[in-house]
Amino acid sequence: MPAMPNSGAKPGQSDHRANHFIARRQLILQQRKSLPIASVEKRLVEEVRKNDTLIVVGETGSGKTTQLPQYLHNAGFCQDNKIIGITQPRRVAALTVAKRVAEECNVELGQKVGYSIRFDDMTTAATRIKYMTDGLLVREALLDPHLSKYSIIIVDEAHERTVHTDVLLGLLKNVQYARSKTSTINKNIGKMNDKKNSENKQSQGFVLKPCQTSKLAPLKLIIMSASLDARCFSEYFGGAKAVHVQGRQYPVDILYAYQPEPDYLDATLIAIFQIHLEEGPGDILAFLTGQEEIESVERLIQERIQQLPQENNKITTIPIYSSLPSEQQMNAFKPAPSGFRKVILATNIAETSVTIPGIKYVIDPGLVKARSYNPVTGMESLIIIPTSKAQALQRSGRAGREGPGKCFRLYPESEFIKMADSTVPEIKRCNLSNVVLQLKALGIDDIIGFDFMEKPSRMTIVKSLEQLLLLGALTDDYKLSNPVGVQMARLPLDPMYSKALIVANEFKCLEEMLIVVSMLSVESIFYFPREKLEEARAARKNFSSSEGDHITLVNVYRAAADCLEKGKNANMKEKTMEKTLNKWCRENFINYRSLRHARDIHSQIQGHVQQMGLNILSCGEDMLQFRRCLTAAFFLNAAIRQPDGSYRAMASGQNVQIHPSSVLFRTKTDCIIFNELVRTNQTYVRNLTRIDPLWLPELAPQYYATEG
Ligand code: ADP
Ligand code: MG
C-alpha cells in the first residue's frame, strides 16, 4: 500500500500533505458513491452469482469499467487467488483506467490492480484486478488455453466490435464450455469416453477439450457495452441475461455546418477558436482521425495562440490517442491550470473508452480512420470514412456528462441522415492473417467453421490462409508449420513482420530488421509542418538513403541512439537525456513521441526474439544483403514501374503511386517492395525500398515462378 506521503518532510509540511491526502481520498469516495452504477451494486453482484454469462449495458461514464471489477473483488470473486480480467479494445483505456482504479483502491499500480498491454506489463503475482487489451488476452490463451487464472472475464466496450473482441468472444465461449464440463468430467473420470465427447463438441462448433485439472470453477463472463442494443450479444450467448445501468445525461445542443467543409482540420481549428472566443467556460473535446492529424492541429493551435491578445490566449492542448507514451496519457484527466481552457484532441478513443471530466463542448468532424480490406486484391488499407450515426451520438453525448453542453458537427444535417446506423464490425473489413494464425496456434483448425459472432467472408478467410501458406506459416495441408508458424504466432506482430524477423535471422541482418519493424509499428516518424516544408525536407536529407525508406528509418534510429549514447557518456541523468533527445528530434523534424514508442517496441521485440534463440547480427555496411532480406520478407508487396511512371502491385495488379513522403518519390526506380497502402483520392504506397526484380523469383520462388 502506498504510505501517506511524508518522507523527509518537515512536521508542518507533513501535516499539510496528510490533510491533502485525506481530502483526496474523501473526494474519490464521494465520486464513486455518486456514480449511477453505485445504486445497483448489490443487484449486479447477485446477477453475476446467478448467471454464468451476463450482459451489462450502460451509458458512458456510468462507472462500468472502473467500479464493477471492484464490486466483484469485494464480493469474493477472487478467492483462491483467482483474477478478474477486464479487456479493452485500446491500450490507453486499459492503462488509464487501471491507474485510476489503483488510486481508488489506494494501492500501488501493479499490486492488487494492474494492467497488461502489448509491450508493457504492469502486473505481479499479487494482481487480482487486471485490465488488458483484448488482443493480449487472445495471446494469453495460447499459453493457457483454459484461462485458468481467471474467475471472471469482463469483455468491455464490446459494442466497438474490434476484430480482437470478436475473436475473443468466440474463444471465451469455447473456454466457458470447456470449463463448465470440468466438474462433470472430474466426477466421471474414467467413465467418460473422451473421443466421443470431443466429436459432440465439434458438431456444436466447440473445439476446446474440457479441462482435466480439478478445481477449475466455471468461467464467468460479463460482456459490457455502451450501446443499448444488447440483443446480438445475448443471442450469441444463448439468450444470456442483460442488465441495464441507468446513465445520467444532460441535454446537448447539436449544431450542424451549413455546408460540407472541404478541409476538416481547418474547420476544426476555426471551431475551436470560435468556441474559445464566443462561448462560456468549459473544456473542448475535438475528435480527429489519428496521431498525425492530432499533432498537426496541436501545432496550428499553438501558433494561432501567439497571435491572440494575452487575455484571450489561455488554452492548453492535450492529445490523446492509443500509442501516446504512457506517462502522457493521464494528462487528459488533470484539470487545466486556473483560468485556462483545456482543448482535448482525441481519436475515437474518447467516444466511449475513456471518460474525460469537464467537457462542455464537442467538435465532431464526422470522420474516422478505419481499416478497409479488399479480399480480391488481398490488400488492407487505412481510409478516412464518415462515422456511423451511433458514433455521432456517442460523440455528442460526451458534452452532456456534467451539465448541458453543445456539439458542433462540422457537416450538414443531410450528411447525418445519410450515415449508416452502426459501424460495420472490423472483422468484416480487415485482413485476417493474424486472426487465422492465432486460431491455428490455439489448435482451432477449421477456421471457416469457427463460431464467430459475425462470420467474415469465406473469401477473406481463404485469402488469409493462402497468405500464411506463402509466408511458410502453414504446411501444405494448412496446419501450423513448425518452427516457422509456431514462432510467428508467438511474436506479437503482424504475420508479415514476424516473418521478416525470422528471415532476417537467416540473412544475418536481424539487428537492422528489428529496427525497421519497430519503426514501422508506429505512426509517422517524420513530420512535415505545412509552413516549414522546405526546412523539414532538408533535415530529412541527413538520414535519407537512396535505397529507400527502410534504410532511412534505420539511419534515424541509429542517429537517435547515438544522441542518447553521448548523453550517457556525459553522465547525464535519464530525464536530461530524454530532454536532449526531444530537442534533437525537434531540430530534425522527427516525431519524438513516435520515436519513443518505437524504442519501447524495439526493446520488447528484442526480448521476444532473444527468447526464441534468434541471433541479433548486423549486416554492417552490406545494404545489398539487407535489401535482399527485405525482398525475401515482403515479396507479397512488390510493385513494378509502368511506362507512364505509375507502379503496378504485382500480387493484386492494382495501380499505385509512390507516396510523396517517401525518399523514393520522383525517382525512377524500376521495382520496389512496400509496406503500406494508403488510400485518399489515389492509392499510394508508403515505406519502400528499391529492389532488383530478378530477386523475386530467386528469393520467393513459391510465389514468383521463373519464366520459361
Ligand atoms: P463507464 O465505463 O461506464 O463509461 P467509467 O468507469 O470509465 O465509466 O468512469 C466512471 C467515472 O470515473 C467517470 O466519471 C470518469 O470521469 C471517472 N474516471 C475514469 N477514469 C478516470 C481517471 N483516470 N481519472 C479521473 N477520473 C476518471
Ligand atoms: Mg467503460
(request) Per residue of the stretch 680-689, in order, report the coupling 6.51 cos²θ - 1.76 cosθ + 1.60 (Karplus, θ = phi - 60°) as ³J(HN,Hα) in whole Hz, putting x for Gly and Pro. (result) 10, 7, 10, 9, 10, 10, 10, 6, 10, 9
(request) Quantify how much of the Cα-Cα distance distribution of the stretch 210-355 extends past 24 Å, in percent. (result) 51 percent
(message) In the chain, if the dipole is taken from +1 on Lys/Arg beta carbons and -1 on Asp/Glu beta carbons about the Cα centre, which of A504, M224, I461 is farthest to the positive end?
(response) M224
(request) Tell me what the chain gives for mean residue ellipticity at 222 nm when only DSSP H runs of n ≥ 4 count, each as -39,500 (n - 2.57), the sum divided by the residue total, rounded to 500 deg cm²/dmol. (result) -13000 deg cm²/dmol
(message) Can you list residues from other chains, or at least 5 along the same chain, whose modelled amide H is less than 5 Å from the amide H of Y131?
(response) I86, G114, Y115, S116
(request) Express in whole angstrom the spacing between the alpha-carbon centres of the stretch 55-97 and the stretch 663-694. (result) 45 Å
(request) Evaluate the relative contact order of the stretch 442-569 (contact order divided by residue number), counting alpha-carbon pairs under 8 angstrom at least 6 apart; express in whole percent. (result) 11 percent
(request) Within 10 Å, count the other beta carbons around each residue, average over each peptide in 569-582, 523-536, and list them highest first. (result) 523-536, 569-582
(request) Give the accessible surface of the stretch 436-555 per residue, rounded to a whole number of Å², with probe radius 1.4 Å and ligands, DNA and RNA excluded. (result) 40 Å²
(message) Given the C-alpha atoms of the stretch 576-708, compute the convex hull and give its volume per residue in Å³.
(response) 171 Å³
(message) Explain nothing, just the number: relative contact order of the stretch 408-512, from Cα pairs under 8 Å at least 6 residues apart, as a whole percent.
(response) 22 percent
(request) Give the calculated FRET efficiency between Q642 and F21 to the nearest 0.05, with a Förster radius of 60 Å applied to their Cβ-Cβ distance. (result) 0.30
(request) Apply the Karplus parameterisation 6.51 cos²θ - 1.76 cosθ + 1.60, with θ equal to phi minus 60°, to every residue of the stretch 414-427 and state each ³J(HN,Hα) to the nearest whole Hz, in sequence, with x for glycine and proline. (result) 4, 6, 4, 4, 7, 5, 5, 4, 9, 6, 6, x, 4, 4
(message) Using the Cα centre of the chain as the reference point, and only Cβ charges (+1 on K/R, -1 on D/E), how large is the resulting charge dipole? Debye, rounded to the nearest 20.
(response) 2040 debye
(request) Report the relative contact order of the stretch 515-613, percent, no decimals, based on alpha-carbon pairs under 8 angstrom and at least 6 residues apart. (result) 40 percent
(message) Show me the ranking of peptides 548-559, 84-95 by mean Cβ neighbours inside 10 Å, starting with the highest.
(response) 84-95, 548-559
(request) Please turn the phi angles of the stretch 485-498 into ³J(HN,Hα) values with the Karplus equation 6.51 cos²θ - 1.76 cosθ + 1.60 (θ = phi - 60°), one per residue in order, whole Hz, x for glycine and proline. (result) x, 4, 5, 4, 5, 6, 7, x, 9, 4, x, 5, 6, 4
(request) Mind checking which of Q291, P425, L367 is farthest towards the positive end of the chain's charge dipole, using Cβ charges of +1 (Lys, Arg) and -1 (Asp, Glu) about the Cα centre? (result) P425
(message) Based only on Cα atoms, what mean projected area does the convex hull of the chain have, in nm²?
(response) 34.9 nm²
(message) Probe of 1.4 angstrom, ligands and nucleic acids ignored: what's the accessible area per residue over the stretch 353-392, in square angstrom?
(response) 32 Å²
(request) Report, to the nearest whole %, how much of the accessible area of the chain belongs to carbon and sulfur atoms, 1.4 Å probe, protein only. (result) 50 percent
(request) Would you please calculate the Kirkwood hydrodynamic radius of the stretch 65-131 over all C-alpha pairs and express it in Å, rounded to one decimal? (result) 11.6 Å
(request) For the stretch 330-454, state the semi-axes of the equivalent ellipsoid (square roots of 5 times the eigenvalues of the alpha-carbon gyration tensor), sorted largest first and rounded to whole angstrom. (result) 36, 19, 13
(request) Tell me which residues come under 5 Å, amide H to amide H, from A242 once H is placed; ignore anything under 5 positions away on its chain. (result) I55
(request) Could you rank the peptides 374-384, 643-653, 620-630, 300-310 by their average count of other C-beta atoms within 10 Å per residue, with the highest value first? (result) 620-630, 374-384, 643-653, 300-310
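The values are calculated or read from the model by the stated rules, or taken from the named source; none is laboratory data. What you are looking at is a predicted structure, and each value in this text was computed from that prediction instead of being measured. Counting neighbours? That spans all protein chains shown, and the Cβs are built from the backbone with ideal geometry, glycine included. SASA here: full protein model, heavy atoms, side chains in, ligands and nucleic acids out. Shrake-Rupley method; radii C 1.70, N 1.55, O 1.52, S 1.80 Å.
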